[in-house]
Amino acid sequence: MCTNSRHPCALFRVINNSPNGSRLFLAAIIAAIAVMWAGCVDKGINTANTQPAPSPAAPVSVNTNTAVQPVAPQSANVPVTLPMMDALLSDGDFSERVKSELQLSNEEIQKLKDAGRDAVLNLDENDNEDNSRSTVAAARKAEKQINTILGGEKGGRFLAMVRQNIAASGEPDLSAKPNSVPTDTRIVVNAPEYRMDIFQNGQLRKTYKIGIGYPEFPLPTGLRKAETIIFNPTWTPPDEPWVKGKFKAGKTVDAGSKDNPLGPIKIPIGLPSLIHGGKAPSRLGTFASHGCVGLTTPQIRDFVGQLSSLSGPNISDADLKEYLSDKGDTKTVKLDTPVPVELRYETIVVEDGKLKIFRDVYERGTNNEENLRRVLDSAGVSLDSLTSADREKIISGLKEMAYDATGNPVDEADASGDDNKSNKSNPGGKITKNIKGKKEVEFVLPQLSGKGYPAPANLMSQ
């Protein structure tokens, strides 16, 4: 659950007590295409030099020839939402750059900030609301409001600057083989499958069921890395209008508190995405945050042990207990070797001899016949070689999964941002927290036997 100085990853935005300053991550927040609200700021005491000598760790081998090397960012179709804009404009440096390059007035900048702020304050995250919004709808609403404030020409240039910042971390090579199995050591997250895997030297070692970002705050894609583990992150609500009820501006919520949205441990994975704990088991396998990878507390504790053993320093159960014993003492442990973290969005997967098709919850238009053929071809199977009965069932399943989380069909014009399509958003501004309908369909095909991405290993599902 990421947080930033204006909105938390699963509850509100947060400001962490970071000696490095939370503003740095407010700037970085834009790299997460859904706005991973910046509680992702590293903070606390670096204890890496005060720990016992680490056990030897397996070397982290990164295969530079794998299909996940970052390439030139593909920013043209990156969605921009008003809450995302709010987070970006919270950074003074970006605001000044936009003002200078686009020759915007102070009034125009303030109107943009007000629009972003209003969008954040109006978001309703109650569990009892109807699911009523979507990634495309939120992005379309933002584009319309930005163009109203700045005009079409400046609005387009402003959106281009935002998208360039979002895509700054790089994207996977979309022309590469789909469902690729790493040959090195890395973490692989596939958002539509709600799955996170740990690979060590090409062998799948552990699988976790995860929660992902809401459709309005989609988990980004790209190759990132984990470098630090932060224990006992605290949460200090800022002096802003949405801080109310049991929360008081400036009054720190302790680590370990049921009211702390960060959980006991967070792991930044770049600009400023997080893998973190604190999630309820009921949020795994569905939406759980404003753009982070969400785990339960038992899962994040287990994940820390697995991650640290990959690159060192090895964190034992005794170390973990010690680090978490004093909830008021925030500690940052730097990994000896950064571990790559690959964030994928694959809705069609050949896995352990089966064809699986997942809901297109972020409306990227990926559940189409062209992509299906590409995935099957990569496994050495032609769609045309299947029986007519199998083809019919698969195409039917493909159409069934070409729906967004709210149950509305996704078409590729929507996914590409065609503004002539109807706006499905609800003016009430509610967060889409659950999925209507089936999440996946599966087909067992003899032609795929023994092929594809591996099945989950040692699955930890709560």
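Every number in this text was worked out from the coordinates using simple rules, so none of it is lab data. Computed from a prediction, not measured in an experiment: that's the story for all the values here. With ideal geometry, Cβ positions are generated from the backbone for all residues, glycine too; neighbour counts draw on all protein chains shown.
As an exercise, identify the GluC sites (Glu not before Pro) in the range 314-391 lying in DSSP coil whose Cβ has no more than 15 other Cβ atoms within 10 Å. In loop regions of the range 314-391 (DSSP not H, G, I, E or B), there are no sparsely surrounded GluC sites (Glu not before Pro). Derived scalar couplings between HN and Hα for the range 340-354 equal x, 10, 9, 9, 10, 10, 10, 8, 10, 9, 8, 9, 6, x, 10 Hz in order, rounded to whole Hz, by the Karplus curve 6.51 cos²θ - 1.76 cosθ + 1.60 (θ = phi - 60°), x for Gly and Pro.
The modelled label-to-label distance between K99 and K439, using points 7 Å beyond Cα along the C-beta direction, is 4.5 nm. Once backbone amide H atoms are built at 1.01 Å from N, D336 has G312 as its partners under 5 Å, excluding neighbours fewer than 5 places away on the same chain.
Per-residue Karplus couplings for the range 297-307, computed as 6.51 cos²θ - 1.76 cosθ + 1.60 with θ equal to phi - 60°, are listed in order as 4, x, 5, 5, 5, 5, 4, 4, x, 5, 5 Hz, Gly and Pro entered as x. For E342, the residues whose amide H sits under 5 Å from its own are I187, V188, V189, R224, ignoring neighbours fewer than 5 places away on the same chain, with H placed 1.01 Å from N. Using θ = phi - 60° in the Karplus curve 6.51 cos²θ - 1.76 cosθ + 1.60, the 3J(HN,Hα) couplings for the range 187-201 round to 9, 10, 10, 10, 4, x, 9, 6, 9, 10, 10, 10, 10, 10, 6 Hz; x is entered for Gly and Pro. Diffusion of the range 262-303 by Stokes-Einstein, at 10 °C in a medium of 1.306 mPa s and with Rh set to the Kirkwood radius over alpha-carbon pairs, works out to 156 µm²/s. Remark on E351: its backbone amide H falls under 5 Å from those of K356, Y453, a criterion applied only to residues 5 or more positions apart or on other chains, H modelled at 1.01 Å from N.
May I ask you to sort I394, I315, I109, I269 by Cβ crowding, counting other Cβ atoms within 10 Å and putting the fewest first?
Lowest count first: I109, I394, I315, I269.
Each principal axis of the Cα cloud of the range 343-382 was evaluated for its coordinate range; sorted largest first, these ranges are 28, 20, 16 Å.
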